[in-house]
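Structure first, commentary second.
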Amino acid sequence: MAEWFKAHAWKVCILEMESRVRIPSSLQKNSYINKNQIMYNSKISGLGMYVPENVVTNDDLSKIMDTSNEWIIERTGIRERRHIKKGDGNSTVVMGVKAAKIAIDRAGIHKDEIDLILFATLSPDFYFPGSGVLAQDQLEIPNCPAMDIRNQCSGFIYAISTADQFIKTGMYKNILVIGSENHSGGLDFTTRGRGVSVIFGDGAGAAVVTREDNLSKGILSSHLHSEGKYAEELSLIGPSTNRWVPEILEANDPDDISYYPYMNGQLVFKNAVVRFSEVIMEGLNKNNLQPDQIDMLIPHQANLRISQFVQKKFGLSDDQVYNNIQKYGNTTAGSIPIALTEAWEEGKINSGDIVVLAAFGSGFTWGSSIIKW
Ligand code: COA
């Protein structure tokens, strides 16, 4: 017997590997891709969110830097945000996984039915590997592919659009999309950094995107754009391969602010209001919709003033736009799934509604998704 095993060890090895190989559920059912025809739509079948318990108010910030509750509310609409507290066990991936578990549960599927994980973040747990594989491990999903999306505030829209393409071609059936950020660990909480650090908060949201056979329902279209010439206008360039670790250690410069995010606030604001409006209009035009047909607009929670500008431009009522930046600040890739989850939990999104997601942010990148719920 021992002899046989020795001679056939490679077969045993292959058999063992085969038993571990997981074929995506969609491919098991003989679905072939017809390049000329969209076979399926995709829909959001489950949503979840998680924010750390630690609430940081504007007054808390004004104790550690020269700012005020009035200034922050007037310019941004933010009243408080959540920050991970050292020792609370949270990280970008941990928060993302907490949100994902809720989304998977609400989608009514088992975690092993997830065919692909897309993780959008600008604040990954590790430099490498990406947060997608770390989330996969924590969710204990054995072999599905996991991919990171690096598109900052537009990350969730880019991820939703990517998921939609994989589902429309028939490749995958259930895709887990996570948007999560741990900003607080890397912000400059001195007066020097106040223009940036009062805006951002920590938190995560997740969605399960699932095959929809009815082509008039689900994600109708997504529209993505970028303009790399503004890459450094909202950026964090310190931790990069431009200057590797030995150089950083040698410089040991406490005044090197390249390790904190930089934002040209006014340029970002001016571009945001234009690009938000353009990309929402692009999505509406593509689907022959008028602004008054929007049941719910979920803008990326960049700044309440930007959302209000867009709301006014399209003549939308308060019931047609969802904002929760007042409670959470700007959670970048987490902001749209967090807002979408809360709007859905509050019963503000119902079957048949036209839901518009729109984002603008670092890159610059921007995008929209038009969904018939
Ligand atoms: N508290 C108090 N004062 C502050 C401050 C703070 N947190 N941050 C900046 N200031 C001060 C500045 O130092 C400056 O003072 P000075 O005039 O004495 O030099 C003054 O306020 C105005 O600064 P400025 O940067 O011109 O402010 P602003 O009116 O452009 O508002 C933002 C700043 C960041 C609120 C605004 O530019 C903005 O919202 N931009 C878009 C940001 C955004 O949406 N980012 C996310 C994109 S996804």
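The values are calculated or read from the model by the stated rules, or taken from the named source; none is laboratory data. Remember, it's a predicted structure, so these values are computed and weren't measured experimentally. FYI the Cβ positions are ideal-geometry reconstructions off the backbone, even for glycines, and counts take in every protein chain you see.
Let's see how each residue does on (1) closer than 23 Å to residue 77 by Cα; (2) within 16 Å of the ligand (Cβ to nearest atom); (3) touching a residue at least 60 places away in the same chain (Cβ under 8 Å); (4) among the hydrophobic types (A, V, I, L, M, F, W, C):
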residue: 109; (1), (2), (3), (4): no, no, yes, yes
residue: 144; (1), (2), (3), (4): no, no, yes, yes
residue: 162; (1), (2), (3), (4): no, no, no, no
residue: 165; (1), (2), (3), (4): no, no, no, no
residue: 175; (1), (2), (3), (4): no, no, yes, yes
residue: 181; (1), (2), (3), (4): yes, yes, yes, no
residue: 201; (1), (2), (3), (4): yes, yes, yes, no
residue: 220; (1), (2), (3), (4): no, no, yes, yes
### Task
Within the range 243-252, identify whether any single residue is assigned by TED's automatic domain parsing to the domain that holds residue 361, within 16 Å of the ligand (Cβ to nearest atom) and either modelled with pLDDT of 95 or more or farther than 30 Å from residue 115 by Cβ (or both), and answer yes or no.
no
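Residue by residue, here is whether (1) within 17 Å of the chain's Cα centre (by Cα); (2) among the charged types (D, E, K, R); (3) outside any helix (DSSP H, G or I) holds:
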position: 154; (1), (2), (3): yes, no, no
position: 204; (1), (2), (3): yes, no, yes
position: 208; (1), (2), (3): yes, no, yes
position: 211; (1), (2), (3): no, yes, yes
position: 220; (1), (2), (3): no, no, yes
position: 223; (1), (2), (3): yes, no, yes
position: 231; (1), (2), (3): no, no, no
### Task
Mind listing whichever residues of the range 34-83 are within 13 Å of the ligand (Cβ to nearest atom), crowded, with 18+ Cβ neighbours inside 10 Å and farther than 15 Å from residue 189 by Cα?
76, 77, 78
### Residues (surrounded by fewer than 24 Cβ atoms within 10 Å (Cβ to Cβ) and assigned to a helix (DSSP H, G or I)) located in the range 108-133
111, 112, 113, 133
### Message
If I filter the range 323-347 down to residues being touching an Asp or Glu at 6+ places or on another chain (Cβ under 8 Å) and in a loop (DSSP other than H, G, I, E, B), which single residue comes out as surrounded by the fewest Cβ atoms within 10 Å (Cβ to Cβ)?
### Response
324
### Query
Listed residues 286, 270; which is within 13 Å of the ligand (Cβ to nearest atom), surrounded by fewer than 20 Cβ atoms within 10 Å (Cβ to Cβ) and farther than 25 Å from residue 56 by Cα?
270
### Query
Based on what the data block shows, is residue 167 assigned to a strand (DSSP E or B), modelled with pLDDT of 95 or more, of a type in the set (A, V, I, L, M) and surrounded by 23 or more Cβ atoms within 10 Å (Cβ to Cβ)?
no
## Note on the structure
The condition from (1) outside any helix (DSSP H, G or I); (2) more than 16 Å from the ligand (Cβ to nearest atom); (3) over 16 Å from the mean Cα position of the chain (by Cα); (4) outside the structural domain of residue 303 (by TED's automatic domain parsing) that residue 185 misses is numbered (1)
### Task
For residue 5, work out the one condition from (1) outside any helix (DSSP H, G or I); (2) modelled with pLDDT under 50; (3) more than 30 Å from residue 212 (Cα to Cα) it doesn't fulfil.
(1)
### Query
Which of the residues spanning the range 253-265 are within 14 Å of the ligand (Cβ to nearest atom) and either loosely packed, with under 10 Cβ neighbours inside 10 Å or not polar (S, T, N, Q) (or both)?
260, 261, 262, 263, 265
